[in-house]
Amino acid sequence: MLPHARPGSVAGLVELLNDHGSKEDLYRIAEELLMEVDDLLPVVEAAALLAFVKSERGDIELTPGGKAFAEADISTRKEIFREAALTHVTLLQQMNGALASKSDHTMPLELFRDILQEHFSDDDVQRQIDTALNWGRYGDIFTYDSESDRLLIHHGAMPAEDARALPLH
């Protein structure tokens, strides 16, 4: 299951850890952010899934990739996030692979809803889709057209000659 956390929350946690010397107690971070630990856990899980942090026995520690992400400018952050997401997140791998394999580089989002409904409740499916859309757009993996309910591969995610061949919607 993809942890329901926004990329900005992950970035904030990683930046905070970087400012704290790369390692901190989870409870101290929650206290500093005036949050309950349970509310912070999805953000920690997302950062761990992306291999930006390691979490053991209540401590969170930045990985070298997390440190690079924390210290990068926004365009480099997006590249690092994209690479991490496509390396570690199965749903985003599936979406990207499907888009890359189609000649028009588009795909109905309904396909992924149907796949997820085999494993999750309707509410969880929606949360997974929402999170995947947030992560995919942040990482410039794809865009989403809400009118047609279709994913479109991000123009920067494919070779330039393929991007020129895409129809403009």
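Some values worked out for this structure:
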{"quantity": "Derived scalar couplings ³J(HN,Hα) [the range 128-134; Karplus, 6.51 cos²θ - 1.76 cosθ + 1.60; whole Hz; x for Gly, Pro]", "calculated": "5, 5, 4, 5, 4, 5, 4"}
{"quantity": "Residue among 55, 93, 66 farthest towards the positive dipole end of the range 53-109, charges placed on Cβ", "calculated": "93"}
{"quantity": "Spatially proximal aspartates and glutamates relative to residue 23 (Cα-Cα < 20 Å; intrachain offsets below 8 disregarded)", "calculated": "15, 31, 32, 36, 38, 39, 45, 56, 59, 61, 71"}
{"quantity": "Solvent-accessible area, 1.4 Å probe, carbon plus sulfur percent, for the chain", "calculated": "48"}
{"quantity": "Three-way shape label, the range 36-122, alpha-carbon gyration tensor, a/c 1.5", "calculated": "oblate"}
{"quantity": "Karplus-derived 3J(HN,Hα), 6.51/-1.76/1.60, for each residue of the range 109-117, Hz, glycine and proline x", "calculated": "5, 4, 4, 6, 4, 4, 4, 5, 5"}
{"quantity": "Of 20, 105, 154, the one that fluctuates the most in a GNM where the chain has Cα springs shorter than 10 Å", "calculated": "20"}
{"quantity": "Whole-Å distance, taken between Cα centres, linking the range 74-99 and the range 1-37", "calculated": "21"}
{"quantity": "Built amide H within the under 5 Å cut-off of residue 63, gap 5+", "calculated": "53, 54"}
{"quantity": "GNM flexibility winner over the chain from 81, 112, 142 (Cα, springs under 10 Å)", "calculated": "112"}
{"quantity": "Candidates 107, 35, 95, ranked by Gaussian network fluctuation over the chain, Cα under 10 Å, top entry", "calculated": "35"}
{"quantity": "Computed helical MRE - 222 nm, the chain, DSSP H runs ≥ 4 contributing -39500 (n - 2.57), nearest 500", "calculated": "-18000 deg cm²/dmol"}
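The values are calculated or read from the model by the stated rules, or taken from the named source; none is laboratory data. Given the structure is predicted, the values throughout are model-derived calculations rather than measurements. Cβ sites come from the backbone with ideal geometry, for glycine too, and all protein chains shown count toward neighbours. Accessible surface is based on the protein model in full, side chains and every heavy atom, while ligands, DNA and RNA are left aside. Shrake-Rupley method; radii C 1.70, N 1.55, O 1.52, S 1.80 Å.
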